[in-house]
Amino acid sequence: MQNAKVREQHARARFEALRRRVFEDMGRSSIRMRLAWILPFHGLVIVLLVLRGESAGRALAQVAAVAVVGVMFAVRLLTNDWRLRVVSFVLGVLGYFVFLATTGGLASPLLVTGAITMAAAAIKLHEPPWLRNVVFAVFLGGFIAMAAVSRTAAGLLDGPLAVTSGWPSPEYVGIAVLAAAFAMTGVYGIGCAMTRGYERAALELAERREELCSENEDRTRALEGMAARLAHEVKNPLAAIRALSTHMARNATDGKTAERLAIVAAEADRLQSIVEGFLSFSRGLDDLNLAAVKPYEVARELGVLLETRAAEAGVVLEVSGEAGLVLDADARKLRQALLNIVLNAIQASPHGATVRIEIEAARGGAQITVNDCGVGMTPEVLERIRKPYFTTKEGGTGLGVAVARGLIEQHGGHLEFKSVTGKGTTVVVTLPMKAKPCARLPNPGRARKHEEAENTGPAVAGAR
């Protein structure tokens, strides 16, 4: 649990670092754009109002507000100290309310321009988290204050913006239209910047995931190769130990010595079966060699191959179904998968039982069903049997089902177990007409490799 929390904290820290970098770059770009548009816009408004008869006091207040907004942009552009940036941002908000107060308060044509500042605050002020709430409170308090003075002389429209003959003045209408267009453009620009920022973050995360997948895949392949070579080297000494111990046991004159040598030979056999299972498990990840395969013929050959072993167990093997059904698959791997499944069925069946292998056509492929009349499996065992090295058989390796599942899924197929305690187990293998190697991880690079392999030749790279 503690390790999971630590991993989650590290993942969260990496995400926050990436988000901070992306949003800082996006914020600087947005500030440059707003610096190029907001100050000239407000400057144009002041010039228009002065030319149309704005009072000197209001004009000076508006010029001071423009200067404060300019300082805010400069500070936010030149420093990364969040305290200075917050102070400058609050001053910029106060400058916005000065504009509103000097152009009619809640009736000001510049009211809609606050949407740009509010949107920027909600997006960029993420450190510390309470800053969003502070900015929202400042905006809400400013609007409430303007509402309180809206019925006083301070909140009336004045000068060129005042109502004339019951109609809004041309200056009011013109500035309102400009402010609305300006606000819409600004919010649209912030939305586009957000989209670009998230696209950049998504691409960077995808690239990192691709690097991690490729790195892990290469490392896994290297470890598998080393383990396979080690297992291969172990096979020969084990064979020698088994042969020598068996030979010595036959020639031993002492019964106790012969018994001990027989145990050595049996243990060597068990170790060799484990090594062979591991080699099959690792070899199952090699590339597929696709060719036309008849599942019925594969099952029939298995029946002949396992006839002696089934007879020793007192079990009858039956193969039935569509003999003419043809798949595009790897015959060797399909045979290995079915061999493991049928062997398990034979070992699970009581004396005198029948193991049935049935081949049927399914939608877009084939279905191979292996049914036994054994003791069956509980839901807990069914859940755990999917994992390598889990076994309920004495001396079993726990790799047979894992190997079979890997080989079937490598073809793009599916392996399903249905079992009822006391009644037996049914294994259903579903295969496509043409093998479609599956990619268990969302790895774009692997998908591209499969695409290239399909476009350049008949061989298809095996999925992991």
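The values are calculated or read from the model by the stated rules, or taken from the named source; none is laboratory data. What you see is a predicted model; the values in this text were computed from it and never measured. Every residue, glycine among them, receives a Cβ derived from its backbone with ideal geometry; neighbour counts consider all protein chains shown.
Elements of the type strands (runs of 3 or more DSSP E) sitting completely within region 317-388 and holding at least 2 residues that are farther than 13 Å from L306 by Cβ and outside the structural domain of G400 (by TED's automatic domain parsing): there are none. Only one entry in A183, A201, A231 is buried (at least 16 other Cβ atoms within 10 Å of the Cβ), modelled with pLDDT under 80 and more than 26 Å from L271 (Cα to Cα), namely A201.
Looking only at residues in region 338-364 that are at pLDDT below 85 and under 34 Å from the mean Cα position of the chain (by Cα), which one is surrounded by the fewest Cβ atoms within 10 Å (Cβ to Cβ)? The residue in question is R363.
Looking at E318, E301, E297, just one residue is modelled with pLDDT of 85 or more, surrounded by fewer than 19 Cβ atoms within 10 Å (Cβ to Cβ) and touching a strand residue (DSSP E or B) at 6+ places or on another chain (Cβ under 6 Å), and that residue is E318.
Selection of region 368-415 for residues being modelled with pLDDT of 80 or more, over 14 Å from A345 (Cα atoms) and surrounded by fewer than 21 Cβ atoms within 10 Å (Cβ to Cβ) yields E409, G412, H414, L415.
Candidates are the residues of region 84-107 that are in contact (Cβ under 8 Å) with a residue 40 or more places away in the chain and either outside any helix (DSSP H, G or I) or within 41 Å of the chain's Cα centre (by Cα) (or both); the one that is farthest from M146 (Cα to Cα) is V86.
Going by the structure shown, is L60 assigned by TED's automatic domain parsing to the domain that holds F182, part of a helix (DSSP H, G or I), modelled with pLDDT of 85 or more and in contact with an Asp or Glu (Cβ under 7 Å, 6 or more places away or on another chain)? Considered against the rule, which asks whether it is assigned by TED's automatic domain parsing to the domain that holds F182, part of a helix (DSSP H, G or I), modelled with pLDDT of 85 or more and in contact with an Asp or Glu (Cβ under 7 Å, 6 or more places away or on another chain), L60 comes out as no. Only one entry of E224, E211 meets the criterion of being modelled with pLDDT of 70 or more and among the acidic types (D, E), and that entry is E211.
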